[in-house]
Amino acid sequence: MQADRRRLVVYDALRPSGAPPNDDDDHFHDQCGVFAIYGHSEAANLTYLGLHALQHRGQESAGIVTSDGQQLFAHRAMGLVQDAFSQEQLGRLPGNLGIGHVRYSTAGGSHLKNAQPFAVDYARGSLAVCHNGNLTNADDVRAELEGRGSIFQSSSDTEVLVHLVAMSTEAAIEDRVADALAKVKGAYSLLFMTEETILAVRDPMGIRPLCLGILPGSGGSQRRDAHVVASEPTAFDLIGAEFVRDVEPGEMLIIDDAGLRSVRLAEQAPPHMCVFEYVYFARPDSRLGGKSVYEVRKTLGEELAREHAVEADVVIPVPDSGVPSAIGYASTLRIPFEMGLIRSHYVGRTFIEPQQSIRHFGVRLKLNPVEPILRGKRVVVVDDSIVRGTTARKLVKMVRDAGAREVHLRISSPPTEWPCYYGIDTPTRRELIASSHSVLEIARYVTADTLGYLSLEGMLAAVSGSTGSRGARDAKGAPADQAGYCHACFSGKYAIPFVATARKQTRLVGI
Ligand code: SF4
């Protein structure tokens, strides 16, 4: 433990605790999850549980900062939530306020110093902040701050926000945060915490999700309601909280002793919720933007079946994210659905280092075929995306080696041709197989008999629940159904400009 001379108490675990290797080449990697609770005597324990429910959003590090009203207490560690915290460590995080974070590195590398929440002391007191997203002008702001004498401890763009808040000349914390956010661009769902206040902010386009909930009558001796905020409402389910609503794009929630207030920070911008949340990132039991992620995925599969039907004996998903889409695909074409690939759920704790020479074990470690389901069959394999193509190739081979007569690969999203600059860890454009290969060429590379991707129009129609009204176009000729969603990794249409110098691009995509 190292207690500093001021208010903040830090208990970080300096020993990396074995984050799982990143051996999945064919999915955009998860991002981050955030959780906050205000007004509960078990803030640390409930934040721990909330992070547990958000574990799928980031497995590299986890952290919790609590406040007892006088000072902040922080603990961060590398690895999964269950490994990052012991009961004893949670017991050293007192107070009724807490924010927490699970991280997959996007901007910044995989180091404990980049683990969040960040927590600092500054002239006005203590401040903790955690972030899901990516600031597209972080390099410029950071260079400007460094030019004025700021010293950074980490390579994460979130630290830029800490400096901006600390340097603001405003008095109230909500004004300081507003002042800081006026200087940055990008995608962010942010939580700030002082000794007495929690702020939750969503970027003006609402690219990353953020939800508000309430834990009724649970706030200590006075039985006040506790407010909770999380990336996905599944975090509420686990702790018995009720979903209230999504935080609006450009909205800041201020939660303190006076209750909850809402402030609009930015002019209403066209919303651009990340469509990939529905395709892959979010848990299927989540509701985002008022829609069940499971139902949307099923509809994606139904659309896929209408666009790319094939005669087959069995439809199998690539578990877990491909399951609802495969159900939708199979039921639409009246083909039997089976679990022809079984996922091991214990891969995360392997000690194997992610060296290139052994990365090929990756797919076998995670998935194994069920031979009786596949032997002699014409098999449709449904997955949510193809990134580099290497995993899809191994999967097709695995299914064929198990005896499949034909292997037809169906993807419940369009070809991913463009990197994400809004908080998702993606390869460079050069590494995205669809950026330089036609669908036919990709089919040959992955050795599938046929390959079908869902169209952009079909995906957006499925996500917006308007599959019957496809074909409508807006004034610019774009599919009308695309309104409200970011789909830049499929279309190249970036809603927020980014600085694409080689150095910045490398940092932004996290490699
Ligand atoms: S570029 Fe793709 S992954 Fe990134 S926010 Fe947009 S839809 Fe989501």
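The values are calculated or read from the model by the stated rules, or taken from the named source; none is laboratory data. Not measured: the values here are computed from a predicted model. As a convention, Cβ positions derive from the backbone with ideal geometry for all residues, glycine included, and neighbour counts pool all protein chains shown.
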Does any residue in region 486-508 that is within 11 Å of the ligand (Cβ to nearest atom) come within less than 8 Å, Cβ to Cβ, of a residue that is acidic (Asp, Glu) and at pLDDT 50 or above six or more places away or on a different chain, and which pairs are these? Cys489/Glu417; Phe490/Glu417; Gly492/Glu417
Among the residues of region 250-282, which ones are crowded, with 20+ Cβ neighbours inside 10 Å, within 16 Å of the ligand (Cβ to nearest atom) and not in a strand (DSSP E or B)? Val275, Phe276, Glu277, Tyr278, Val279, Tyr280, Phe281, Ala282
Considering residues of region 444-460 that are touching a Gly at 6+ places or on another chain (Cβ under 9 Å) and more than 16 Å from the ligand (Cβ to nearest atom) only, the residue farthest from Ser385 (Cα to Cα): Tyr445
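State which residue is nearest to the ligand (Cβ to nearest atom) when the search covers only region 283-305 and only residues that are touching a Leu at 6+ places or on another chain (Cβ under 8 Å) and aliphatic (A, V, I, L, M).
Looking at residues that are touching a Leu at 6+ places or on another chain (Cβ under 8 Å) and aliphatic (A, V, I, L, M), I get Leu300.
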So, in region 309-332, exactly how many residues are within 20 Å of Ala448 (Cα to Cα) and assigned to a helix (DSSP H, G or I)? 5
What's the total number of residues in region 169-187 that are at pLDDT 95 or above and crowded, with 19+ Cβ neighbours inside 10 Å? 7
Give me a count of the residues in region 413-440 that are away from the ligand (no atom under 12 Å from the Cβ), outside any helix (DSSP H, G or I) and touching a strand residue (DSSP E or B) at 6+ places or on another chain (Cβ under 9 Å). 1
So which of Phe152, Phe192 ends up being in contact (Cβ under 8 Å) with a residue 40 or more places away in the chain and aromatic (Phe, Trp, Tyr)? Phe192
Here is a list of conditions, (1) without any contact (Cβ under 8 Å) to a residue 60 or more places away in the chain; (2) in contact with a Ser or Thr (Cβ under 7 Å, 6 or more places away or on another chain); (3) in a loop (DSSP other than H, G, I, E, B), and Ile335 meets all of them except one; can you say which number that is? (2)
Could you go through region 188-207 and let me know if any residue there is outside any loop (DSSP other than H, G, I, E, B), at pLDDT below 95 and touching a strand residue (DSSP E or B) at 6+ places or on another chain (Cβ under 8 Å). yes
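Collect the residues in region 304-318 that are farther than 19 Å from Lys377 by Cα and either without any contact (Cβ under 8 Å) to a residue 40 or more places away in the chain or not aliphatic (A, V, I, L, M) (or both), keeping them in residue-number order.
Hits for region 304-318 are Arg306, Glu307.
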